[in-house]
Every structure is written in C-alpha cells, then in structure tokens.
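Let me begin by presenting the structure, written as structure tokens, before commenting on it.
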Amino acid sequence: MPHVTQLQLLLGLDYVPFDTRTLVESIAAIVALLYALALRHRRGSLRAWPVAIAGVGLLVDVVTPLLGHTRFVYLLDTVAVILFMWGVVRIGLELADAATHRGREHFSTIFRDLLTIILWAVVVMVVLRTFFKIDVTALLAVPAVLTVVIGFALQETLGNIFSGLTLQISRPFQPGDWVRTIDKVGRVHDVGWRATTIVTRAHEWLDIPNAQLAKDLVFNYGKGAVAEEVSVGLGYDEPPNRVRDVVLAVLRDVPEVLHHPEPEILAWEFGDYAIRYRIKYWFADYGRSEQIHARVVSGLWYALRRHGIEIPFPVRTMVLRQESLVEESEAAREIESELRGVDFLRELDDNEVRILAGAVRVRQFGLGETLMREGEAGDTFYIIRHGVVDVTTNGADGKQVHIAELTHPAFFGEVALMTGEPRNATIRARTDVEVLEMNRKGFTELFKSHPEAAAQMSEIITARLSQRRELLDAGQQVDGGARGRSSRLLAKMREIFDI
C-alpha cells in the first residue's frame, strides 16, 4: 500500500484513506494551478507564481506515493514539501503587503521581514516536530544569560527596531509625507529596521535612527492643507480694507494657493513708521512651499507698486526738486508720444493728448499675473510699453484657448472702457510687463471739453471691431453697417461718459 508522504503528514492527512488523500490533493493542485493561470490576466494584490508553486508542490506530492520507497522518491517528497511551503509563505507575505501598504511605492519592510521570520520559524518547527520527532519547546528555552548578553550588546539596535515597530503601529507619518524634525525637513522615503530615511529639498538622503525619531517632535505636513505666512509693513495712508483687496487679488493669481480655507489678511500692529500686516494662505503640496512663497512675495511687490502702496522704511529722503521737474517733463512727453501710437487717439491735437496724458498711470505686472479677466467689468485701457502678454478666451468645453500674444506697442481693453461691456478675453503676463493704464476719468475730462473727439473715436473703434468680427462681406454693406454700429457705440459712450 502506498506510503504517507511528508506533506500529507504536515497537512494532517495521515489518518485519511489513500484514495481520499489523493483526491483532495489532486483537486487542490488543479484549483491552485487554474487560479494561478487566471491571475496572469488580471492585476491584483496576489501574483500568479506563488500560487503556481504551491500547486506544483501538491501535484508532485500526489505522484510521490505511486513511485515506491526509493531514495529518489524520498528526495522528491522533500521537494514537494519545500515547493508547497515556499508558495504558502509567499502568498501570506504578498497578502500582508497588500493589506498593510495598499500599493504605495515606498513603504516599511519591518512587518514584512518580521512576518517572514515568523512564518519560516513556524515551518521549521512543524517540520522538526512532524518528521524528526524533535521537541521544539526545548528550542524556545533560550538561556537567560545569553538573553542578557544579547540585550546589552544590541541595546541600541533593539531600541531602534522596537521604535520602528511603534512608528508603524501609530503611523504618525507615511511614505511620501513631508515632515520636519529638529532642523531637518524632507519627504519620508521608508521606515527600516534601524532608521527612517527622508529625502530633503536638496536631495540629501538622511537616515534618522528610529529611537531618536520616536523621542523628538515630528511635524507632519502631509495631512491636508498647510498654512504659510508672509509679513509686510505698509504705510499709514493706506486703508486696511484696500490693502486686503489688493493682497487677495495677488493670492488669487497664484494657482497653488487654496481658496478654501480662505486666505487671511490681518492688520496686526502699529509700528513706528508702518502698519504690520500678516498674510496667511494655505496650499496642499508642502514640497512646493518655497516656490509658492516666492511667487506670493514677488506678486505682492508688483501689486503694491502698481497700486501706489508704499512699503516705508526708516530713512531720510532728500528731494532734488529741479531734477524731479525735468524728469517729469521728459516722462510726460514720452507718454504723449506713446498715446499717439494708438489708432483712435492719433487724430487728437496736442491739447487733447495732454488731457489724456494727465490721467495715465504706469503699472508693472509680474510673470503670470492677470491684467484682466474674461467676463469681468472693466473701466481701464492698457498700452504695452515693455514685455509680452498672452490673450486667452474660454472655449466651448470651458478650457482656456490661446488667441494671441501681444507686445509693444499693442493695446487692449478699449471696448470695455468705452462701452461698459464685460471683458471679452483674459490677459496674463508672459514676462514682466510694464503698461500705461488709463481709466474713464481722463476720457470723461476729454469728452466734456472736446465732444467731437468721442465721435471720431467711435468711428475708428467700430471699424476695428468690424475687421475683427468679419461679419460683413460687401463694400456697400460695410459702410452702412459700420455707420449703424458707430452710432450705437457713440450712444453708449455718451451714456457712460455723461456727455
């Protein structure tokens, strides 16, 4: 009668009839191999090869009793046990990885290594107990003296190991989180037996002992929104509410700054020469905190300068009045010359141009800042002096569509200024940009003193709009349609500018 194999002894099938044992093992082997074949065609937490190895071990064990009692058969029986146990251990490890780490790219190997040691220790003890009839309880009775010696010799190492286990159980951070401990900031790469590895912004790989990390304060920046703060002192002449509006507009133009929670602009204290403001904003990716901070600070510089908000500092200022007057005169002549470069201002006389030049303001915008947004109301008109801007509009699918790029001496915003219609495009600075900004105040003064200028401008602007829209085909239609639109535009201008 065929003998009982080592694997059958291990599985407790030695008291089952031979035919039943063979049937059970055969079914289990076939199921394992078919399941391994199915795993090849789908992605999951369990790979095919450990299941296949366990199935092959069962299949070899089914054949072994039929080959007799030779040394080769005994060797084949041992191979069956090894294949089956190897497959089972690997299946257990992969399922544990899937349950513990949930597919993260980097993770701690402590639990996996510990589970590997435990599983193989159990396998060895079962084999020793089942096949060699060895009392495994004697192996567990480690001499107390040896335990003390190892404990003292590996005190620091064991402390790091148990601290690593504590970090894995409590999970104060996970691989990929940005953390700060002592004076180091970095992204957690993994948690090992001895140390936790973090990678700093300078791409330095630091191994921090787990025992030290468990005792120190650890700030985790990977759990949702992170706050950053900028402090600036502004002049007493500026109302805090106006400062708040300007700063909010700057933060809105930085894509990484979150709208929720809403940024906070706090007038914090009265200094000797300035009001100190604290500007707090939130963002999601702490790894880009330095770049976001730089964008906010540079955006504030441009916006505050553009709106004439002074950042005072305690120095004495000596004003040379005569030189200042000469510079102002040269700047005024330059502005008047640039105004004549605009087609609908070209026919104005010197006096009319001088009226408009008095209302012009020089503004500066930084890279990425928005000069105007599509759909918003607009009462300003811009002439580019230096730099490049991008013109975009909302497409049918809601995405931004690039229309054109503009540079000196292009201008934009005149339609919304003259008609009161919403902006029909979004303009953003591709580079640092300097523009001449005109609002309705200057045009109102011009039209009240020279009403005929409004009619001249309406005809030129209408012609430009007609060319843009390409609505008319024939010469006769162009003339009649242009005159009709010119009249409607002039009527809107008279209504807006009260002339």
Neighbour-count order for Tyr273, Tyr286, Tyr35, fewest beta carbons within 10 angstrom listed first: Tyr273, Tyr35, Tyr286
In the calculated pair distance distribution of the stretch 171-220, what percentage of Cα-Cα distances lie above 15 Å? 33 percent
Distance histogram for the stretch 359-419 (every C-alpha pair counted, 10 angstrom bins, percent rounded to whole numbers): 18, 52, 27, 3
Please list, in order along the stretch 385-402, the HN-Hα scalar couplings obtained from phi with the Karplus expression 6.51 cos²θ - 1.76 cosθ + 1.60 (θ = phi - 60°), rounded to whole Hz, x for Gly and Pro. 9, 9, x, 10, 10, 9, 10, 10, 9, 6, x, 5, 8, x, 8, 6, 10, 6
Hull shadow area, averaged, the stretch 216-299 [alpha-carbon convex hull, nm²]: 6.7 nm²
Might you report the magnitude of the Cβ-based charge dipole of the stretch 363-439 about its Cα centre, with Lys and Arg at +1 and Asp and Glu at -1, to the nearest 20 debye? 120 debye
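Since every read-out is calculated from the coordinates, none of them should be taken as a lab result. Everything numeric in this text was worked out from a predicted model, so none of it was measured. Methodologically, a virtual Cβ is constructed for each residue, glycine included, from the backbone with ideal geometry; neighbour enumeration extends over all protein chains shown.
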